[in-house]
Each structure stands twice: as C-alpha cells, then as structure tokens.
1. For a distance above 16 Å, tell me the whole-number percent of Cα pairs in the range 463-566 that qualify.
2. Give a residue-ordered list of calculated ³J(HN,Hα) values for the range 378-393 (Karplus: 6.51 cos²θ - 1.76 cosθ + 1.60, θ = phi - 60°; whole Hz; x for Gly, Pro).
3. Restricting to the chain, compute how many DSSP beta bridges are antiparallel as a %, nearest 5.
4. Just how large is the dipole of the chain about the Cα centre, in debye to the nearest 20, putting +1 at every Lys and Arg Cβ and -1 at every Asp and Glu Cβ?
5. Among all stretches of the chain without exposed chymotrypsin sites (Phe, Trp or Tyr not before Pro) (DSSP loop, at most 16 other Cβ atoms within 10 Å), which one is longest?
6. Specify the angular offset, from 0 to 90 degrees and rounded to the nearest 10, of the alpha carbon long axis of helix 356-376 from the longest principal axis of the alpha carbons in the chain.
7. Could you list 180, 474 so that the one with the fewest beta carbons within 10 Å of its beta carbon is first and the one with the most is last?
8. Within the range 424-523, report the GluC sites (Glu not before Pro) that DSSP leaves as loop and that have at most 15 other Cβ atoms within 10 Å.
Amino acid sequence: MTEAVDKKRIIFNVFLGLIVLVGSFYVATEGFYMDEAGLLATYKGIFQGNRMFIDSWGPYQLGGILTYPLFALYYYALEPVLYPLGIGFMLYTRICYQIIRLLIAIYLYATIKKTEYEKGAFLTALTYYVLFISYKNFSYKSMCDFGIVLFICWAVRFFDTRNRWFFLPMGLATCVMILSYPTMIIFPVFVVISLIVLMYNGYELGKPTIIYIVTCVVVGVAVVIYLQLTSGIMNIIPQLAYIEDSAYKNPMYVRFGMMLLSYLVFFVIAYAPVVVLKIIGFIRGMDDETAHVILSIYWILFMVASIIARPESVSASRFVYGCLIIFWWLPFFVEKREKLEYTRIGHYKLPEHEGKGMLKIIFFISVVVQLIWSISTNQGITVPGYMCFYVVLIVVMLAASEEVLGLKLLATAVVGFALFFSLVWVAESDGGYNDIFESRYYVTDGAYKGIALDQTDYDMNKAAYDLVTEYVTSEDKLFVLHGYSYSAYLNSDAKQGAGSPYSRAGKGQMRVLQYWEVNPENQPDYIMINPSNKYYDEFVGGETEEYINENYKTTVATEGDFILLAR
C-alpha cells in the first residue's frame, strides 16, 4: 500500500514539475518591465567598458561583474546562432536566469533530501523555483537571492557533515550577495558575530570562521585589484560622493522607522487570530492541528481579500504581504514541535544543529537580510518582505514532511498562489502587472526579439529601436531621459552618456549635469526624450532641460513619442 502511494506521489510530482518547468519558460517570453530594462542597461554599460564609479555612478553597478560572463557569451559567441532562432538579448537573459534558478532549486532539493525533512524536499524546491522577486531576470534582488539560498544550503550541509570547507562556498555566496546588493556587506559581520557567539558557547568553529573570513577577504581584494586596473582607486575616491540612489526622498532613519511601523502592522494582522485561538484554547481546549487549520483558512481569506480590494492593481507584492504573515507565524508553528532522538539508524542527532537548528539557521538569515534591506531600500516593505520567502519555504517543508500537523492546507495555498503569480501574472510596463491572457505582439528585431509585448510597449520599443539603429552608432554617446523606462540603451551599441539609466533630471536634480561636468568626455552626442513620460513634467523647467535646450538644438528625428536631439 505504501509503495503504491509513493508511486502515485512520484507521478504527481513529475507531472506538476513538468507543468511548472514548461510554464516558467513560456512566461519568460511575455512582457516588458521598466526596472528590468534599467538594471540590464546598467550591467550592459559595465560590459561595454564603462569604468566603475567613474563612467558609471549607479549604486548597483557591481552586479555587472556577475553578469559579464553571460553578456560576453551572448555578444561574442551565441548571438549569431540564437538571434536567427528568435532569441534576442532580453529573452536570452531571461532563459539564463530560469536555468540558474532551476539549478539552484535542484541543489536545494538535494540538500533537503539529506535532512529529516526529505519528504518535503520536492515541494520546497518547486516552491522556491516558482517564487521570484519583482520580475524573472537578473537584478540586484534576484542575484542576491541566489547567493542567500546557496549560503543556506551550504550552512545546512556544514552542520550535517561538519566539513569545515563548506565555509569556503559560503564565503563565495556572501560575495555574490555583496556584489549584487552592496548594502549586504553588513551580512558577513552578522555571520562572524554569530559564529563567535557559538564558539563562546563551546562549539568548535574557529577554523570554519577563518576559512569564511579569508574567502571573503580574498574575493574583496580581487575586486579592488580589478577596480585599480580598470578605474584606478585614486580616480574613484573623488567620485564616490556621487554614488547614490537619487530616488531617496527621506533620510535613512525616517525610512527605517516607517519600515518598522509596517512590520508592526503585519505583526498585529498575523497575531490577532493567534491571540483569539489561544483564548479559545484556554477556555474550551483546542489542539494545535485545529489551530493551524484555522490559521490556514485565515491566510487564504486574507490573500483573497487583498486581491479583491484592488483588482485593478494586482501584483506580486500581494503575495509578499501573505509571506509577512507567515513569517510572524513560524515561532507559533514550531514552539511545541518535538525533538526527535535519532535522524537515521545508528546516528545520534544533535538537536542544536538538526531539526529546529536548521529552522533557526534559515529564520536567522531571513531576519538579518530583512533588516539590511530595510535600511537601504526606498520602496516600502515589499522589498525586504521578499526575504520572508525563506521562512515560507520552511512552512512548506514542515507541512510536506508532516513534521507539524495542520499545515498542509496552508502549504497547498502558498504553492497555489505562488503558481498564480509566477505562471499567470506577468510583470509589465511602468511597475505594473498583467495576466498572460492579454493580447500581445511578438517583437521581431532588436534586444527584445522573441518577446511578446502589449500594444503600448510594443510601439514604444519599436520607436526606440528604429531611432537608435538608424541614427546612433557604436562610436556615439547616448543619453536617454528616463532611460530605465525604455529599451533604447539595450537596443543600441552606443556608450551611455549618463552615470546611470536611473539618473534623475528634474527640477533641483543636478546629477546629470554634475556627471557631464565631472566627465566632459562622456557628454552625449545624442539625447532622446519622450514628452509623454509621466515624469516628464518634473524635467520641464529644470536646470537639465535648460542646458539641453541651449546645447542640443538640432532635432535629428522623431519616432512615435520619442524625439532625438543632437548638438
């Protein structure tokens, strides 16, 4: 009987896995998302030879080191093969992203299979694969996520095998986090402090700690040497003052305070039903399984209500709200979990390292990363909230491995909503989302070849492509006002004539003019503007507009809403 059930489970898992796999690659051919274009343009600038912190002023430019091999593989080797097959640069990067995420999910599966939660390995890995941060491509968020998951896997493997050399790849994973998202440089500080505390409590972690620190230092020195050879450290130092995210409207302490308030709100939302259940349990008695089922129903109703409340703006951030609730629930779910004495025949279990110990590792990392992201982001709780995903994976793992009763409904709902937002909902346009059933048109030329865009984005992409391919050469420098919103940089081989695709040029925003003053050799030959952009009014009447009107008086061409100006 057991063998028959296991066989059916395997068949179901294979069927579900194939659906998710095929669906994920199909969705990769859908939609245009502005931040995707902006960040890939940032990384492309590094690939084109921009000197870091001199030609490029963006805060996330170090990610260009990580993406460089993939960009080089496409432009130097694969483009002649893939482009005729209908795979442009953007689709290529999305496919690469999905492949890397798939490989990490497989390794996560293999890691969990070696623990007492082996029954939950497949569903946990599947859930990780379908989850995504904002959109499905390389970004400072997604690459940082890659590093975090690999760090977790190798940390779990270390505590299972006691092989200190797992701290070497843990150090490499940390460096991936830092290169992707520089504020994560705080992360190894937390790690080392935690290891020191464990050593103080009697754990032999001296050599692993040294391996971890040395690995991080060696990679850091290698990056510094690269910067010295390409930019020159003494050239970088005077320009560091310009390396910032100019989108910040409030000081850090205000942003962090507002973030803590948001977390408090979700804590109240999460624990209001828990308090009620505790009171009922005290008066009438209630087992944990029943309480967990009731909380699962509460979570489902919350998710449905969050979608119904504003159906015109449904996005993956709604799923993050649900993840925040589960994050707060985890201590309640595991507080009464029994510690098993054995993990396998003949092997004594170390409770501090396995079972709850593994959960503590993941929960600790999630808390630390949320704290770091809360300090640095300007986008609200949904950004650090993404780092609750790892706690959600714990709940799925506990439910699928039947370690905590009453969570199967919640785990099923989590997987269901994850599949909905991953395979049905597509990141699109200026921060919006739409479903895959909307009418779209496949792009046949340029960086977006092979991707289906809605009518507005299709026309915008075509206009930008036509202008830059007709008038702008690889020898020119190009500045695109609000360049993160368009495909112009990705469709052109010209050098970017601004410190970042995200450079602001509104009233009182002097970053573009400062860049041209500090780096006059990078002043653009062409400037592309779009008066229909929703932020264009901020540009009108500002210092940058005045400078452009005085120095770029020649209208080279117009296409759609775009105007191409030259000196």
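Where a number appears in this text, it was derived from the coordinates with a stated rule and is not lab data. Predicted model, so just to flag it, every value in this text is computed and none were measured. No Cβ is skipped: glycine too gets one built from the backbone with ideal geometry, and neighbour counts run over all protein chains shown.
1. I get 52 percent for the Cα pairs in the range 463-566 exceeding 16 Å.
2. Taking θ as phi minus 60°, the curve returns 10, 10, x, 5, 5, 6, x, x, 4, 6, 6, 3, 5, 6, 4, 4 Hz for the range 378-393.
3. 70
4. That gives a dipole near 2020 debye.
5. In the chain, the maximal stretch lacking such sites is 1-202.
6. 30
7. The order, fewest Cβ neighbours first, is 474, 180.
8. When the GluC sites (Glu not before Pro) of the range 424-523 are filtered for loop state and at most 15 Cβ neighbours within 10 Å, 438, 475 remain.
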